[in-house]
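For reference, the structure is listed below as structure tokens.
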Number of protein chains: 2
Amino acid sequence: MNKKLGSQTLIFDNVNVKEGFALAGPKEQQGNLGNVFDMCLENDKFGEKSFEKAECKMFKTAIDGVLQKSNTPVNAIDSVLGGDLLNQIVSVSFAMRAYESSFFGLYNACGTFAESLLLGSCLIDGGYKDKVICISGSHFSTAERQYRYPLELGVLRSPVTQWTATGAGASILSNDTTEAVCRITRGIAGRVIDLGIKDVNNMGAAMAPAACDTLTQFFKDTGSSPDDYNKIFTGDLGKLGKKILIDLIKENGFDLSDKLEDCGAMLYTDKQQTYQGGSGAACSALVFNSFILNNFKSGNYKKILLAGTGALLSPLTSFQGESVPCIAHCLEVCK
Amino acid sequence: MNKKLGSQTLIFDNVNVKEGFALAGPKEQQGNLGNVFDMCLENDKFGEKSFEKAECKMFKTAIDGVLQKSNTPVNAIDSVLGGDLLNQIVSVSFAMRAYESSFFGLYNACGTFAESLLLGSCLIDGGYKDKVICISGSHFSTAERQYRYPLELGVLRSPVTQWTATGAGASILSNDTTEAVCRITRGIAGRVIDLGIKDVNNMGAAMAPAACDTLTQFFKDTGSSPDDYNKIFTGDLGKLGKKILIDLIKENGFDLSDKLEDCGAMLYTDKQQTYQGGSGAACSALVFNSFILNNFKSGNYKKILLAGTGALLSPLTSFQGESVPCIAHCLEVCK
């Protein structure tokens, strides 16, 4: 059976999003979406001795949370697909010690949640799995000290930076049509795009061309246009990256100005001084599993796109003078 | 269509391994399999300024190599699935800048190659992709200085250690039955197993229980036994881990003593002083894409199992006192 459309788009006939769970940090609770998350941490140590152990516990809590919220027994989950931003994706890997489901470790930076939905959809739609959990997340304090500076150093931040969100989001995908908040109907995997940006603070500018490439290919493959969607969400381009994407994709003949929302840009209020908004593997996972699913439940949304974006660099590649390769994976989600 | 067998095994009706390519380092050339690799490096800097840039070039060379060897045009490849051991899997991510295929970044440590074959098989068999490349690799000098000690320090090694192999292996999976060296017929994803081993030098002991768990589940799901296979390959348990697996799985009623080969244990000669043999994401990718495929080509093998094993730790988790969670993914490969 051919499930391809155009050059890269995939067609899914039976992928149901049964439920989602969004666990956010304290700063995220004070942001624009504080009232839509399922659970918020009072303290980002989460009762653990280190931020890293707290991040791992967030993954377990999000998995347990989505199981409980959807009344799904843990042994109904065939597999978990996911990743995080820590070296060797240890947060999700260590969390998986507590579960008997099989595990696929993924890494496409902040695009990991979209990657997990895309591969999870193939596993469900193809008949390989009945139910899977797709998960990703990040933690400001673990990411900051791994990718940038010691937290205690108090380095001044550039105005083009984004703030790594603390949170974890988990979705259950199912082949049971009776349990659908919404359905994943099409998807497209992105290719690696690198236009030579070397400013590691300006991830939005680096990632916007990847989002442009994937969305343009999706519109071409499917013959659809931005008008067909209630909203088009990018993962975490931030405010500046969002503007750049609108400009870039206009050159390809698509006007996103009325439709585009960015999961990073919408997360915090201006008063929170995150500059361009949120970033991190938590961003799109948090927004999808709370705000977006809620809008499907309430009937506000009939059809959206979620384009998760990721910057595939490491501190070492930047030290060695490399630019920033980026990727975007996109899902079409329908009522 | 249900493609599940038993509790975790997947059935693939049409996944063909078109060709493989194995690129090895200088030490690997001097080992037991030196004469079966497609290409060997004279110098592990590979003409680059850093070991990390050399590792990235190895990935590109392996992709170009398998395309050329199989006479496959680059634009016939829908997607590349793969990973490596560097933080943020930058070797494969940066290599992918040179290609227009979509990219799925994976990480299950040294089990990444088996993970890529398993997910790649789902994409091909399910009709989502026509041709994909599955790839993983590692580099002794980049891994050593990231995971353990500065190379210049000359730290004495424990006798239970393995040697991170330098190399990259790439396979083309295809839905075209006319181009099959062999076929991937069944597969099983592993769950995360952690029996509390904290000795980060003794990865074989940590990983053997994961291999035991996955192989036992596969034999139960399929009703098959070790007698049904020419050989059963584990990823890189090393010599000690191989012995532990034979003992462990005997308790479950399966005798692997005549059938088991370990990709790590077979890579080096005793004179090369690697102690327990090879490890690293290159091990199973190198052995599968040279030794194993050659034995299918020559008619020696009719049916084998490849169980890729991975230790999902990071230096940080060890510093914070954690034990070593492990995983194994297994593929059944038939003539």
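The values are calculated or read from the model by the stated rules, or taken from the named source; none is laboratory data. Since this is a predicted model, take the numbers as computed values, not measurements. Positions of Cβ are backbone-derived with ideal geometry, glycine not excepted, and every protein chain shown enters the neighbour counts.
Does B:Gln30 fit the bill of being among the polar types (S, T, N, Q) and within 14 Å of another protein chain (Cβ to nearest Cβ)?
So B:Gln30 does not fit the description; no.
Got a sec? Which of A:Ala98, A:Ala114, A:Ala109 is of a type outside the set (Val, Ile, Thr) and surrounded by fewer than 24 Cβ atoms within 10 Å (Cβ to Cβ)? Spell out the reasoning first.
Working: A:Ala114 fails: surrounded by fewer than 24 Cβ atoms within 10 Å (Cβ to Cβ); A:Ala109 fails: surrounded by fewer than 24 Cβ atoms within 10 Å (Cβ to Cβ).
Checking each option against the conditions leaves just A:Ala98.
When the residues of region B:44-56 are narrowed to those that are part of a loop (DSSP other than H, G, I, E, B) and touching a helix residue (DSSP H, G or I) at 6+ places or on another chain (Cβ under 7 Å), which ends up farthest from the other protein chains (Cβ to nearest Cβ)?
Here is the first cut: in region B:44-56, the residues part of a loop (DSSP other than H, G, I, E, B) are B:44-50.
Still in the running and touching a helix residue (DSSP H, G or I) at 6+ places or on another chain (Cβ under 7 Å): B:44-46, B:48.
Numbers: B:Asp44: 17, B:Lys45: 13, B:Phe46: 15, B:Glu48: 10 Å.
Only one residue fits best here, namely B:Asp44.
Does region A:100-124 hold any residues that are more than 14 Å from the chain's Cα centre (by Cα) and at the interface with chain B (Cβ under 7 Å from one of its Cβ atoms), and which are they?
Matches in region A:100-124: A:Glu100, A:Ser101, A:Ser102, A:Phe103, A:Phe104, A:Gly105, A:Cys122, A:Leu123.
Considering only residues that are touching a residue at least 60 places away in the same chain (Cβ under 8 Å) and in a loop (DSSP other than H, G, I, E, B), look in region B:292-306 and name the one that is surrounded by the most Cβ atoms within 10 Å (Cβ to Cβ).
B:Tyr301
Going residue by residue through region B:284-291, is there one that turns out to be within 14 Å of chain A (Cβ to nearest Cβ) and at negative phi? Quick ask: steps written out before the conclusion?
Of the residues in region B:284-291, the ones within 14 Å of chain A (Cβ to nearest Cβ) are none.
Checking region B:284-291: not a single residue is within 14 Å of chain A (Cβ to nearest Cβ) and at negative phi.
Determine the pairs where a residue that is over 13 Å from B:Gly137 (Cα atoms) and at the interface with chain A (Cβ under 7 Å from one of its Cβ atoms), located within region B:86-98, has a partner that is among the hydrophobic types (A, V, I, L, M, F, W, C) and crowded, with 24+ Cβ neighbours inside 10 Å with Cβ atoms under 6 Å apart, the partner being 6 or more residues away or on another chain.
As it stands, the answer is B:Phe94/B:Cys56; B:Met96/A:Val192; B:Met96/B:Phe103; B:Arg97/A:Val192, since those pairs meet every condition given.
Answer yes or no as to whether B:Asp38 is within 14 Å of chain A (Cβ to nearest Cβ), acidic (Asp, Glu) and crowded, with 17+ Cβ neighbours inside 10 Å.
Answer is no for this residue.
Being within 11 Å of chain B (Cβ to nearest Cβ) and not polar (S, T, N, Q) narrows it down to one residue among A:Gly278, A:Gly310; which is it?
A:Gly310
Anything in region B:222-239 that is closer than 19 Å to B:Val287 by Cα and either in contact (Cβ under 8 Å) with a residue 40 or more places away in the chain or touching a Ser or Thr at 6+ places or on another chain (Cβ under 8 Å) (or both)? List them, or say none.
B:Tyr229, B:Asn230, B:Lys231, B:Ile232, B:Phe233, B:Thr234, B:Gly235, B:Asp236, B:Leu237, B:Gly238
Would you check if B:Gly127 is closer than 24 Å to A:Val80 by Cα, crowded, with 24+ Cβ neighbours inside 10 Å and modelled with pLDDT of 95 or more?
no
Is it fair to say A:Ile89 is outside any loop (DSSP other than H, G, I, E, B) and at positive phi?
yes
Name the pairs: first residue in region A:63-85 and free of Cβ contacts under 8 Å to residues at least 40 places away in the same chain, second residue among the aromatic types (Phe, Trp, Tyr), Cβ to Cβ under 8 Å, at least 6 apart or on different chains?
As it stands, the answer is A:Val74/A:Tyr99, since those pairs meet every condition given.
Those residues that are of a type in the set (D, E, K, R) and under 21 Å from A:Ala62 (Cβ atoms), I need them from region A:288-320; list them, please.
Listed by number, the list holds a single entry, A:Lys297.
For region A:74-82, check the following and say yes or no: at least one residue is in a helix (DSSP H, G or I), within 11 Å of another protein chain (Cβ to nearest Cβ) and of a type outside the set (Phe, Trp, Tyr).
yes
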